[in-house]
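Rule-based calculations on the coordinates, nothing more; no lab input. Just so it is clear, the model here is predicted, and its values are computed rather than measured. Ideal geometry is used to build each Cβ from the backbone, glycine not excepted, and the neighbour counts take in all protein chains shown.
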Amino acid sequence: MKHVKCRVAFILAACLFVGTAFPQDSEEIVPVKLSGFRVGLTYMPGDVLRDALDDPTTFPLLAQFGWQFEKQFPSGMGGLAAIFEVIPMVGGMNLGILIPSVSMLIGIRTQQGYELGAGPQISLSGSKDEAKVGTGMVFGAGKTWRLGNLYLPVNFAVAQGKAKGEEESSLKLTLITGFALK
């Protein structure tokens, strides 16, 4: 029930975000390549990470490092662009482990830099003794600021998924940033 409330709250926030982020004019957006380095933190509430590490005292926060590959498709209408992103990441180095993941998001970006997207995520799951491949969905929203030739994205993502054979799914809350050069 808690996960359903989280999803509903995210969908309502996303609708509000999209409704207020659309520009009022019909300027065409210029394609920008925002591929680049990403760094962030992922919080995993509950005991999934603690159980996998077999350490009940572990604080479930993972440092994330990766790269965002992006393709942008300008619509020519209202400054909107469709975007496709592939984001391979490695997390957990702060805990002495490596948890690779790949997220693929399809979404939209406004001329002002607001973006919203969703798609599948594949990651390593399980315990130290038995690694499994986990799958799930990720939903992200954020904004990119332009400072001259430098673009600074800040995104928040919510992902939920599980590996085959696991009893409970894991929830991941991620704050990610990075940079891209024009």
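The table that follows gives values for the structure above.
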| quantity | calculated |
| --- | --- |
| Cut-off 12 Å between beta-carbons: net charge of the residues surrounding Glu115, Lys and Arg +1, Asp and Glu -1 | 0 |
| Per-residue Cβ neighbour rank within 10 angstrom, fewest leading, Arg109, Arg38, Arg50 | Arg50, Arg38, Arg109 |
| Charge tally in the Cβ shell below 15 Å around Asn149, where Lys, Arg are +1 and Asp, Glu are -1, Asn149 excluded | +3 |
| Environment charge at Pro56 (Cβ cut-off 10 Å; Lys +1, Arg +1, Asp -1, Glu -1) | -3 |
| The stretch 111-173: trypsin sites (Lys or Arg not before Pro) falling in loop per DSSP and having at most 16 other Cβ within 10 Å | Lys128, Lys164 |
| Loop GluC sites (Glu not before Pro), the stretch 110-177, which have at most 11 other Cβ atoms in a 10 Å radius of their Cβ (DSSP) | Glu130, Glu167, Glu168 |
